[in-house]
1. Excluding residue 52 itself, calculate the net charge of residues whose Cβ lies under 14 Å from the Cβ of residue 52, where each Lys or Arg counts +1 and each Asp or Glu counts -1.
2. Output the relative contact order of the chain, whole-number percent, from Cα pairs under 8 angstrom with separation of 6+ residues.
3. Semi-axes of the equivalent ellipsoid of region 89-216: what are they in whole Å, largest first, if each equals the square root of 5 times a C-alpha gyration tensor eigenvalue?
4. Would you list, by chain and number, the lysines whose Cα falls below 19 Å from the Cα of residue 147, excluding same-chain residues fewer than 8 positions away?
5. Quick one, could you list the DSSP H helices from the chain stretching 24 Å or more along their long axis (Cα atoms) with average Kyte-Doolittle hydropathy of 0.5 or above?
6. Provide, for q = 0.12, 0.14, 0.15 Å⁻¹, the log10 of I(q)/I(0) from a solvent-free Debye sum over equal Cα point scatterers in the chain.
7. For region 214-327, take the alpha-carbon Rg, divide it by the Kirkwood Rh, and send me Rg/Rh.
8. I'd like the chymotrypsin sites (Phe, Trp or Tyr not before Pro) in region 25-56 restricted to DSSP loop residues with at most 11 other Cβ atoms within 10 Å, sorted by number.
Amino acid sequence: MESKISILVTCLIFATAFQLLLPLSEASLKVGYYRHHNCYRAESIVKSTVRSFVRKDPGLGAGLIRMFFHDCFVRGCDASVLLDPTPANNQTEKQAIPNNPSLRGFEVIDAAKKELEKECPGVVSCADIIALAARDASFLLGNISYKIPTGRLDGRISNGAEALQFLPPPFFNLTQLEAIFASKGLSAAEMVALSGAHSIGRSHCSSFTSRLYPTIDRTMNQQFGAALRNLCPQNATVDGVVRQDFVTANKLDEQYYKNVESLTALFFSDWSLLTSPATRQQVNTYTKEPEKFKEDFANAMIKMGSIIEVLPGSPGEVRGATCRFVN
Ligand code: HEM
């Protein structure tokens with residue numbers, strides 16, 4: 001009995017020490033944080049803003065979900081992706097190839113921040129607005145519902161080179177994808193679940209034309225490739241856009257996994273999920289169990305939202321009137 005108690009006490013000491021080691025912001029992330037921290041209506045304000053934009057243009061919902069991913073993978077979920085270039089720093093994440101010109105939804109964040117500043121100035125971080133907006137977009141487009149902890153701080157640094165370093169390009173193979181997700185604490189299974197986001201939104205032709213020319217890649221359904229060639233002609237002067245999912249374009253659902261299996265997903269990285277027995281099996285499971293996909297997607301979004309990397313020497317803040325500039 002005594003030894004059990006001493007084990008329990010040791011565990012408690014370790015748990016407390018671990019908690020103290022966590023950066024302040026991660027330790028204090030809580031579901032409903034703003035209800036107890038001077039902005040009772042924060043979540044409902046974000047929700048109604050997102051709803052009004054996404055009703056008019058569902059593509060913005062896709063943009064917001066991708067924005068959350070691109071924010072969290074670079075310096076943690078700290079809204080560094082929202083920072084505009086300044087004379088002192090004209091190479092921000094926003095301008096880097098993985099984000100420019102493809103990332104969208106900035107106007108939704110601006111509108112939510114504006115409303116929040118009226119209600120409770122300087123309280124709600126831009127990083128939390130992105131996390132909440134992605135959660136709300138997942139509900140609106142996929143009927144996927146989950147609670148996301150809040151209480152993040154906004155970072156003061158945005159470095160374009162880091163976006164290139166940490167955001168996976170569409171030509172990565174499975175080993176490379178797994179490595180980049182692992183470096184952010186996410187498993188291969190979580191990566192497969194999150195990839196279901198490619199059942200909504202769009203892609204620029206330039207993200208996959210290397211699979212179409214000079215020959216249609218053998219990893220792609222040949223008829224699908226021929227159709228994409230029509231939409232994305234070689235030597236086109238503008239970089240066109242196509243939908244990611246030609247079956248249920250605006251629904252965040254398991255169709256993505258069916259597309260992967262039938263070789264009708266856009267990217268080489270999508271196809272590569274078929275190249276290990278474990279990920280291939282998971283893809284197949286989701287085609288048959290949409291509810292399982294939704295549950296895993298929700299949990300993986302929450303996990304992604306816990307990536308906090310506030311580094312020593314760069315303390316966070318809650319940005320003031322705008323999410324586009326540091327205080
Ligand atoms: C596994 C590695 C991933 C790669 C290589 C990848 C790559 C890409 C690329 C190249 C695009 C098209 C960009 C363009 O040309 O317009 C895209 C779009 C998109 N991605 Fe990913 N992605 C990955 C994972 C994710 C994750 C984890 C999420 C979110 C959970 C996500 C959400 C989206 C969404 C929603 C779009 C459509 C955006 C829009 O319509 O504006 N992706 N992705």
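1. 0
2. 25 percent
3. Its equivalent ellipsoid spans semi-axes of 29, 19, 16 Å.
4. Counting by Cα, and skipping residues close in sequence, residue 147 has these lysines nearby: 30, 47, 292, 294, 303.
5. 2-21
6. Listed by q, the Debye log ratios stand at -0.84, -1.12, -1.26.
7. Details: Rg = 19.4 Å, Rh = 17.5 Å.
Taking Rh as the inverse mean 1/r over Cα pairs, Rg/Rh reads 1.11.
8. Values: sites: 33, 34, 40, 53; in loops: 40.
Qualifying residues, ordered by number: none.
The values are calculated or read from the model by the stated rules, or taken from the named source; none is laboratory data. Not measured: the values here are computed from a predicted model. A quick note on method: Cβ atoms are made from the backbone with ideal geometry, for glycine too, and the neighbour counts reach across all protein chains shown. Please note that ligands, DNA and RNA were not included when accessible areas were found on the heavy atoms of the full protein model with its side chains. Shrake-Rupley method; radii C 1.70, N 1.55, O 1.52, S 1.80 Å.
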